[in-house]
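**Student:** The structure under discussion is supplied below as structure tokens; questions concerning it will follow.
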Amino acid sequence: MRALLLLSLLTASTTLADVRAWRAQHEREILAEFEQLLAIPNLASDTPNIQRNAEAIVALFAKRNLPARLLRVAGAPPLIVADLVSPGAKQTIAFYAHYDGQPVDKSKWKSDPWTPVMRDARGNDVDWKNAKTIDAEWRIYARSAGDDKAPIIAMLAAIDALRAENKKPSVNIRFIFEGEEEAGSDHLGAYFAAYPDVLRPDAWFVCDGPVHQSRRMQLFFGARGVVDLELTVYGPIRGLHDGHYGNWVPNPIVRLTHLIDSMRDENGRILIAGFYDQVRAPDTAEREALSKVPPVEADLKREFQIGSTEAESLDERIMLPALNVRGIESGHVGPQGSNTIQPEARASIDFRMVPNETPESIKPLVERHIESQGYFIVRDTPDAATRLAHPKLVRVNWGNGYPPARTCLDLPLSRKVAATLAAAGHDPVLLPTLGGSVPMYLFQQPAGTPVIGFPIANHDDNQHAADENLRLQNLWDGIEMFAAVFEGL
């Protein structure tokens, strides 16, 4: 056994050195492909540009003599599928990423989000194409630089690096790239139903999200589920002068804030009766993994400039469900503020769920809680008769959402991947679950297919926000990680 382990370590070390040397010689070509892909706008609802993205990725595979095809279902962006077949391989492992991105507010960006810009560690623009050397601490700024076009480029570069050394994957590799993830993956289930022969591999790697805040690479073995909730609390039918009617006509903003306060305390604990009853406790392997996660809370407090947190341990907290208030809207503030009792107040909320919760299991709990606060629930704008018949009215509108998912850390595949990366010089942090949400449950169907999260982006990549970026060292590390796993599985 020891001899086999030493041989494995030696092989991984050789592969790492070869891949790193190849990458150092081809950095500019890699960045050129990345820049060209980032320059294509990629909002899921922008059908012409989404098609351009899909065609550009197909062309990148064709450049490597790997045929890629576009799967389609009605009303959805195309799903890209490409296969790297290894003769004699008995397993097919799928690697998932998405090529669509979040909407942008250009006024908040330092530069155009669709014109990639390289900057150094101080934030100064860099002419990387003419620079003598490329600094691994430089960052490229553009929408989807970190979320989620980086893994696509890293996987393609990993294929190139292995081919340059005449090395081949030991399993069949299937690449699956979605164009609707940031819009909620509404049609992903339809794709799974329409193409079961393609979308039911032996295991999945979901290449989305950031690495650990310690900058160590990480594997995550689950993701929290999510469902969103829109609340509208009603006041008078029109805005009223608060001098004439204040303290007599109910203020919907005050009522809404009290309703939210009844649902969640300041330390993040959800106060809705029965909300934690279905929460599955961490198993032994998960607790062991959590005990080895590097502490980053003190550094994050300084980075975020916050004097306190809602819990001591970030990673233990994301093992629990959460209620987040995404926004509250009513009236105006500052110079536009007026002495008015507003007609209504709205809040946007999302719930993050953990096993064994589902959207269907928590919705009745939330609505019973709302009713216990004296509210009558409506689904549409109430008419005059409904307004007069009920002292407190709230409109409740749920999003579809999806449940959480979790893969066992003790599976042979889980242990193999972690060992492969460690042997290749990237000892990963193992997280039982990601704090964010991706529809991993779809990948697990129908019989518990293993799904492992395999992110490469830097944790401070401004994911979903202005000035999204990717640190080049994360791209270089990603190429090495993909090459190690492609060959080592």
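**Student:** Are there trypsin sites (Lys or Arg not before Pro) in the stretch 389-489 that DSSP puts in a loop and that have at most 11 other Cβ atoms within 10 Å, and which ones?
**Tutor:** none
**Student:** Another question about this same structure. With label points built 7 Å along Cα→Cβ from the Cα atoms of N267 and S111, find their separation and express it in nm.
**Tutor:** Once both label points are built, they end up 4.6 nm from each other.
**Student:** If you fit an axis through the alpha-carbon atoms of helix 47-63 and take the longest principal axis of the Cα set of the chain, what angle between them do you get, 0 to 90°, nearest 10?
**Tutor:** 20
**Student:** Loop-only GluC sites (Glu not before Pro) in the stretch 243-344, please: DSSP not H, G, I, E or B, and at most 16 other Cβ atoms within 10 Å.
**Tutor:** Answer by residue number: E266, E310, E312.
**Student:** At what distance in nm do the modelled label points of N49 and R216 sit from each other, each positioned 7 Å from its Cα along Cα→Cβ?
**Tutor:** Rounded to a tenth, the inter-label distance reads 3.9 nm.
**Student:** Are there any chymotrypsin sites (Phe, Trp or Tyr not before Pro) in the stretch 263-346 that are in a DSSP loop and have at most 16 other Cβ atoms within 10 Å? List them by number.
**Tutor:** Hits after loop and neighbour filter: Y276.
**Student:** Something else about it: If the chain between H332 and S170 were fully stretched, how many nm would it gain, using 0.36 nm times the residue separation less the Cα-Cα distance?
**Tutor:** Fully extending the segment from H332 to S170 adds 52.2 nm.
**Student:** In whole Å, how far is the Cα centre of the stretch 265-310 from that of the stretch 153-214?
**Tutor:** First find each Cα centre; the distance between them is then 29 Å.
**Student:** Students often check this: by mean Cβ neighbours within 10 Å, which of 367-374, 96-103, 113-120 ranks highest, and how do the rest follow?
**Tutor:** 96-103, 113-120, 367-374
**Student:** Okay, moving on. Apply 1/(1 + (r/R0)^6) to the Cβ-Cβ distance of N247 and D350, taking R0 = 25 Å, and write down the FRET efficiency to the nearest 0.05.
**Tutor:** 0.15
**Student:** Give, as a single signed number, the net charge of other residues whose beta carbon lies under 11 Å from the beta carbon of A59, with Lys and Arg counted +1 and Asp and Glu -1.
**Tutor:** That works out to +1.
**Student:** Please determine, in degrees from 0 to 90 and to the nearest 10, the orientation of helix 412-423 with respect to the longest principal axis defined by the Cα atoms of the chain, where the helix direction is its Cα long axis.
**Tutor:** The angle comes out at about 70 degrees.
**Student:** Based on the alpha-carbon gyration tensor of the stretch 98-238 and its eigenvalue square roots a ≥ b ≥ c, which shape applies: rounded if a/c is under 1.5, prolate if not and a/b is larger than b/c, or oblate?
**Tutor:** oblate
**Student:** Using 0.36 nm per residue, how much length does the chain from A466 to R302 gain when fully extended, once their Cα-Cα distance is taken away?
**Tutor:** Going from the current span to full extension adds 57.0 nm.
**Student:** Additional query: Taking 7 Å along the Cα-to-C-beta vector as the label spot, tell me the R415-V85 distance in nanometres, rounded to one decimal.
**Tutor:** 3.3
**Student:** Taking R0 as 30 Å, what's the FRET efficiency between A62 and K132 from their Cβ-Cβ distance, rounded to 0.05?
**Tutor:** E(calc), rounded to 0.05, equals 0.35.
Bear in mind these aren't lab numbers, they're just calculated from the coordinates by the rules spelled out. What you see is a predicted model, and the numbers here were worked out from it, not measured in a lab. Quick reminder, even Gly has a Cβ in these numbers, built from the backbone with ideal geometry, and neighbours come from all protein chains shown.
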